Amino acid sequence: MTRPCRITKAVIPAAGLGTRFLPATKAVPKEMLPVVDRPAIQYVVEEAVSAGLSDILMVTGRNKGSLEDHFDRSYELENVLRTKEEHGKLSRLTSSAAGADIHYLRQGDAQGLGHAVLRAASYIGENPFAVLLGDDLIDARDTLLARMAEVHARHGGSVLALMEVPREQIFRYGCAAVAGTGEHDVVRVTDLVEKPSPDLAPSTYAVLGRYVLDPEVFTVLRRTLPGRGGEIQLTDALREMCLAGARGPVHGVVFAGRRYDTGDPGDYLRAVVQLAWEREDLGPGFRSWLGEFVRSNAPRVPAVQGAGLE
Ligand code: UTP
């Protein structure tokens, strides 16, 4: 087993096609869709920075130039706001990438998440690193990455983020077979299946878009053949590491906090409403409007069966 070492680099894959959100994502990357007043990707970058991962590689693709523009300086706009003494707006403008050192790499063909991660191999080198999916939003109050880094520091190997989902939802996710460790929120991952049907799923633990990975993953990904959907699946490589990993175990941190898949229209709506509701500045007005909206539409709201809006 390799000795765990401190994680300083993060990879943010953001090259997916975003077909679930068409037509919005025809010309606008799904990561740039606003969640309240900032693009979804900004929450992800802020999460990485607050976990101490300021050295970031973003894997992008065609039509994703606005991601780079968003994290670049906008001198013209800054000057206009400075001249008008609009200091609040100016600080919101300049805070988009505060503390982050972001590098960009094009994936080329979008051959799957595993392929996007493999493209980061030479940037990452020989040390463990984090992966944060660009469309997966974890509430800033839930310090998932810090907990994963702490588990990695003790056990080495790789660490996945897991979340319990209703069995009928598991077909949307990678699913982990697990064994207990004695710690309430840490499990040993013994096997993985990508998007299993509910009756064949080994558990109801879904894999979320946060990973701490040993660089062994690159060796495995190089020989991983296209799997489900004809794509190189990160789950397939992680499965091999669970079953026969030469460089340490795969653990899972069971996350019970707030998380949204902003690439899914229903989950995106939930993210916008919940985060707007909780905002100190916008929240009071939004809450009273939403309360009134729900009251006045109550007779028309059908009984809720599960959370899905899809
Ligand atoms: P998704 O499963 O959400 O796929 O990717 P997608 O293509 O982005 O979106 P849909 O399903 O068509 O709506 C999970 C993560 O992997 C990245 C995505 O950007 C997202 O963060 N990804 C996926 C890549 O970077 N490259 C790929 O080739 C595929």
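The values are calculated or read from the model by the stated rules, or taken from the named source; none is laboratory data. These numbers were taken from a predicted model, which means no experiment stands behind them. Note that we place each Cβ from the backbone using ideal geometry, even for glycine, and neighbour counts take in every protein chain shown.
Does any residue of region 47-64 turn out to be part of a helix (DSSP H, G or I) and more than 16 Å from the ligand (Cβ to nearest atom)?
First, the residues of region 47-64 that are part of a helix (DSSP H, G or I): 47-50.
Still in the running and more than 16 Å from the ligand (Cβ to nearest atom): 49-50.
Scanning region 47-64, I find at least one residue that is part of a helix (DSSP H, G or I) and more than 16 Å from the ligand (Cβ to nearest atom), so the answer is yes.
Need at least 3 residues that are crowded, with 21+ Cβ neighbours inside 10 Å and in contact (Cβ under 8 Å) with a residue 60 or more places away in the chain per element, so show me which helices (runs of 4 or more DSSP H) inside region 76-136 make the cut, counting only ones lying wholly within it. Lay out the reasoning, then the answer.
Numbers: elements: 87-94, 113-118, 121-124.
The qualifying helices (runs of 4 or more DSSP H) are 113-118.
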Can you say whether Lys30 is modelled with pLDDT under 90, crowded, with 16+ Cβ neighbours inside 10 Å and within 16 Å of the ligand (Cβ to nearest atom), as far as the supplied structure shows? no
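What is the residue count in region 268-280 for residues that are surrounded by fewer than 21 Cβ atoms within 10 Å (Cβ to Cβ) and touching a residue at least 24 places away in the same chain (Cβ under 8 Å)?
Narrowing region 268-280 to residues surrounded by fewer than 21 Cβ atoms within 10 Å (Cβ to Cβ): 269-270, 272-274, 276-280.
Within this subset, residues satisfying the condition of being touching a residue at least 24 places away in the same chain (Cβ under 8 Å) are 269-270, 272, 276, 279.
Adding up the residues that qualify gives 5.
Regarding Ala116, is this residue at pLDDT 95 or above and of a type in the set (A, V, I, L, M)?
Working: at pLDDT 95 or above: yes; of a type in the set (A, V, I, L, M): yes.
Criteria met by Ala116.
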Is there a residue being farther than 26 Å from Asp281 by Cα, out of contact with any Gly (no Cβ under 8 Å at 6 or more places or on another chain) and not basic (Lys, Arg) anywhere in region 75-97? yes
Tell me whether region 278-298 contains one or more residues that are modelled with pLDDT of 95 or more, touching an Asp or Glu at 6+ places or on another chain (Cβ under 8 Å), part of a helix (DSSP H, G or I) and under 22 Å from Ile41 (Cα atoms). no
Out of Leu238, Leu208, I need the residue that is within 16 Å of the ligand (Cβ to nearest atom) and more than 22 Å from Lys30 (Cα to Cα). Which one? Leu238
